[in-house]
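First comes the structure, then the notes that go with it.
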Amino acid sequence: MNDESLKDRIIWASLKNINVYIDKNKILSDININLRYGENILLLGPNGSGKSTFLKLLNRSIYPITSNDSSFKLFNKENINIWDLRKKIGFLFKEMEQRVTNGVKLYDVISSGFSGIFNSRYSNLLSEREKIKINSLIKEWELSAIIYNEFQSLSDGQKRRGLLARALVYEPDILVLDEPFSNLDIKSNFILNQNLNKLIKQSVNIIYVTHSIESILSKTNRVLLIKEGKIINDGSPYDLINTKTLSDLFNISIKVIEQEGYWRMLQFSN
C-alpha cells in the first residue's frame, strides 16, 4: 500500500455522541461520524436541518455539549489551537462576505487569511513569503484585474473567488465550504465548480454544503444526508442522490437525473 492510500485512511475529525444547542434549541442530535482524508463530502438537507452548524463545529465557532460518553477530536486532539487549525483547514462561510466593511480592498481580504483581520494595516506587515503566496493565489484565481477594488463592489462570483483564495493561504489539505455556489450566475457557477474539482485533483479534500443539485462536484465521493439535526444517511453519491432518497429528504416529489457524474433535478408534473 503506497503512502497516498495510507493517508486516505487517516481520520481527521471524529465526532462521538455530539449534541449542539443554540439558544436552548437542539440543533444537532446524536452525531456519530468519522471524516477521513481522501473524502470529498457533500452535506445535503433541508433549510434548518443543521448543515451549517455541523460545519461550524469544524472551525470551532460552535462547541458541542460535552458529556462522559461524548468526544470531539480534530486531528486527534480534543483541544486545538485556532491558528494550527487554520493551517490545516481553510474555511468559507456565507456570512464572511457581510463581515467585510466598506472600503476594504480585495487584496486585504485575501491577506487576512494570515492575520484574521480585514484591514490594510495588517497587509503591510506581511512577510515576503506571505506576499509571494498571495500573489500566486491572485494569479491562480484570476483576480489580478480587480485585486485593488473594494471587496463590496465586486460581483458574487468575484467575492467567492477572493474568499476561496483567502482560505488557501496556508495551503490546507482540507476546505470547508458553506454554500459556495449560492447566488452565482451560470458562468460563475461553472468556473467555481471547475476550480474546486481542480483542487481535489491536487489532493485537497472538500466538505461542503449546497442547495443546488446541479452544483454537486463530480469528484464528490461521500454524501451525508441531514434532517432535523440528525445524520439520517451516509453513503456514496450514486447510492443517495436519486429520485426516492431526495424526494423523501425534502418532502417533495422530484425526479433526479445523473449523467457522467453530474445531477439534475426535475419536478414531477401533475
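The values are calculated or read from the model by the stated rules, or taken from the named source; none is laboratory data. Just so we're clear, the structure is a prediction, and the values are computed from it rather than from any experiment. We place every Cβ from the backbone using ideal geometry, glycine too, and count neighbours over all the protein chains shown.
With hydrophobic (A, V, I, L, M, F, W, C) and touching a Gly at 6+ places or on another chain (Cβ under 6 Å) as the only criterion, which of ILE27, ILE82 stands out? Going through ILE27, ILE82 in turn, just one is hydrophobic (A, V, I, L, M, F, W, C) and touching a Gly at 6+ places or on another chain (Cβ under 6 Å): ILE27. For SER144, the criteria (1) modelled with pLDDT under 95; (2) farther than 26 Å from ASN47 by Cα; (3) more than 17 Å from the chain's Cα centre (by Cα) hold in every case but one, which is (1).
Of the residues ILE200, ILE206, which is closer than 26 Å to ILE27 by Cβ and under 15 Å from the mean Cα position of the chain (by Cα)?
On the way: ILE200 fails: closer than 26 Å to ILE27 by Cβ.
Within the list ILE200, ILE206, the selection yields ILE206.
Restricting the first member to segment 13-42 and to residues that are free of Cβ contacts under 8 Å to residues at least 60 places away in the same chain and at positive phi, and the second to residues that are surrounded by fewer than 18 Cβ atoms within 10 Å (Cβ to Cβ) and in a strand (DSSP E or B), the beta-carbon pairs closer than 9 Å and six or more apart or on different chains are ASN17/ASP30; ASN17/ASN32; ASN17/SER71.
Name the single residue, out of those in segment 57-72 being among the hydroxyl-bearing types (Ser, Thr, Tyr) and part of a loop (DSSP other than H, G, I, E, B), that is farthest from SER215 (Cα to Cα). Outline the logic, then answer.
Keep residues of segment 57-72 that are among the hydroxyl-bearing types (Ser, Thr, Tyr), which gives 61, 63, 66-67, 70-71.
Of the ones still in play, those that are also part of a loop (DSSP other than H, G, I, E, B) are 61, 63, 66-67, 70.
Working: SER61: 26, TYR63: 29, THR66: 35, SER67: 38, SER70: 34 Å.
Filtering segment 57-72 for residues that are among the hydroxyl-bearing types (Ser, Thr, Tyr) and part of a loop (DSSP other than H, G, I, E, B), the one farthest from SER215 (Cα to Cα) comes out as SER67.
Each residue in segment 60-92 was checked for being closer than 21 Å to ILE110 by Cα, touching a strand residue (DSSP E or B) at 6+ places or on another chain (Cβ under 7 Å) and among the hydroxyl-bearing types (Ser, Thr, Tyr), and 0 of them qualify.
Scan segment 64-83 residue by residue and report those that are surrounded by 12 or more Cβ atoms within 10 Å (Cβ to Cβ) and of a type outside the set (Lys, Arg). Break it down into steps so the answer makes sense when it comes.
The first filter runs over segment 64-83 and keeps only residues surrounded by 12 or more Cβ atoms within 10 Å (Cβ to Cβ), leaving 64-66, 70-75, 80.
Matches in segment 64-83: PRO64, ILE65, THR66, SER70, SER71, PHE72, LEU74, PHE75, ILE80.
Based on what the data block shows, is GLY157 among the small types (Gly, Ala, Ser) and on the phi > 0 side of the Ramachandran plot?
Numbers: among the small types (Gly, Ala, Ser): yes; on the phi > 0 side of the Ramachandran plot: no.
No, not satisfied.
Of the set (1) modelled with pLDDT under 95; (2) farther than 24 Å from GLU179 by Cβ; (3) surrounded by 13 or more Cβ atoms within 10 Å (Cβ to Cβ), all apply to ASN124 but (3).
Scanning segment 209-247 for residues being under 19 Å from the mean Cα position of the chain (by Cα) and of a type in the set (Asp, Glu) gives a total of 2. None of PHE250, PHE268 is surrounded by 15 or more Cβ atoms within 10 Å (Cβ to Cβ), over 20 Å from the mean Cα position of the chain (by Cα) and not small (Gly, Ala, Ser) except PHE250. Evaluated against (1) closer than 30 Å to SER153 by Cβ; (2) aliphatic (A, V, I, L, M); (3) buried (at least 20 other Cβ atoms within 10 Å of the Cβ), LEU58 falls short on exactly one condition, (1).
Selection of first residues in segment 84-107 that are surrounded by 14 or more Cβ atoms within 10 Å (Cβ to Cβ) and at pLDDT 90 or above and of second residues that are of a type in the set (A, V, I, L, M) and not in a helix (DSSP H, G or I), restricted to Cβ pairs under 6 Å at least 6 apart or on distinct chains, gives the following pairs, ordered by first then second residue: ILE89/ILE174; ILE89/VAL176; GLY90/LEU168; GLY90/LEU175; PHE91/VAL176; LEU92/LEU177; LEU106/ILE147; TYR107/ILE147.
How about segment 221-270: which of its residues are small (Gly, Ala, Ser), within 28 Å of ILE31 (Cβ to Cβ) and free of Cβ contacts under 8 Å to residues at least 40 places away in the same chain?
First, pick out the residues of segment 221-270 that are small (Gly, Ala, Ser): 229, 235-236, 247, 253, 261, 269.
Now restrict to residues that are within 28 Å of ILE31 (Cβ to Cβ): 229, 235-236, 247.
The answer is GLY235, SER236, SER247.
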